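Visitor: Take this structure first; my questions come after.
What follows draws every value from the coordinates through simple rules; no lab data is involved. Worth saying up front: this structure is predicted, and the values here are computed from it rather than measured. All Cβ positions, glycine included, derive from the backbone under ideal geometry; neighbour counts span all protein chains shown.
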Ligand code: FES
């Protein structure tokens, strides 16, 4: 019953998102981005629902979902760790961080732990090369990391999950362990630019300049990495 109610609440939230964007097809990427925040991923039924409400073919919605690497059609863990393996981060040891996370979490075939707590992925430049090596955990950015930070980060987020689950049954004070959280409406790129002095790190990461040219509505693709430059027809 509770699951059913949660699902209904998610669809109600999705309705509000589409309503806010007036079901405008031109805002599909933003709708999908926020839908993914609500559901955690974009399964077929959510894509179909969005297509119906926005009066467009499911194939068009699916084309956008599969084009941008930001979107996923697979369930994600409570915390998604995206390790940037762009040039600047790679030379600073990002690959070792990625391997350490996978080893620490016993991830071999899957990207998500059996308990559904963590998903570990690699991504391209997120525009914060000055903080390399960088990773994001959901919307939080962590930079200038060393291999020692891997287990510390995992411990922090495991504690956070424990605290959340205790809070759900009402026996602990509010969690104060959270790290940096983006301001509402601010993209990771914008936030990181502010933190590193608004200077796009062009020399350090040529991909950044290329991706920074993507128009504002499409920042999601610029921020979380894809080498593909041309969106599907109509976007
Ligand atoms: S290469 Fe990692 S943030 Fe640019």
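Visitor: Which of 4, 142 has the fewest other C-beta atoms within 10 Å, and how do the rest follow up to the most?
Guide: Taking fewest neighbouring Cβ atoms as first place, the list is 4, 142.
Visitor: While we're looking at this one, here's another question. Could you calculate the FRET efficiency of residue 165 with residue 69 from 1/(1 + (r/R0)^6), where r is the beta carbon distance between them and R0 is 35 Å, rounded to 0.05?
Guide: The formula returns an efficiency of 0.70 here.
Visitor: What is the extension gain from residue 138 to residue 95, computed as 0.36 nm multiplied by their sequence separation minus the C-alpha to C-alpha distance, in nm to one decimal?
Guide: Extending this stretch completely gives an extra 13.6 nm.
Visitor: Extending each Cα 7 Å along its Cβ direction at residue 155 and residue 5, get the distance between those two points in nm, one decimal.
Guide: My value for the distance between the label points is 3.7 nm.
Visitor: If you don't mind, another one. Give the calculated FRET efficiency between residue 114 and residue 53 to the nearest 0.05, with a Förster radius of 30 Å applied to their Cβ-Cβ distance.
Guide: That pair, residue 114 with residue 53, gives E of 0.30.
Visitor: Now for a separate question. Sort 56-65, 131-140 by packing, meaning the average of other beta carbons within 10 Å per residue, with the highest value first.
Guide: Result, highest mean Cβ count within 10 Å first: 131-140, 56-65.
Visitor: While we're here: Based on the Cα coordinates of region 2-67, what is the per residue volume of their convex hull in Å³?
Guide: Convex hull of Cα atoms, per residue: 73 Å³.
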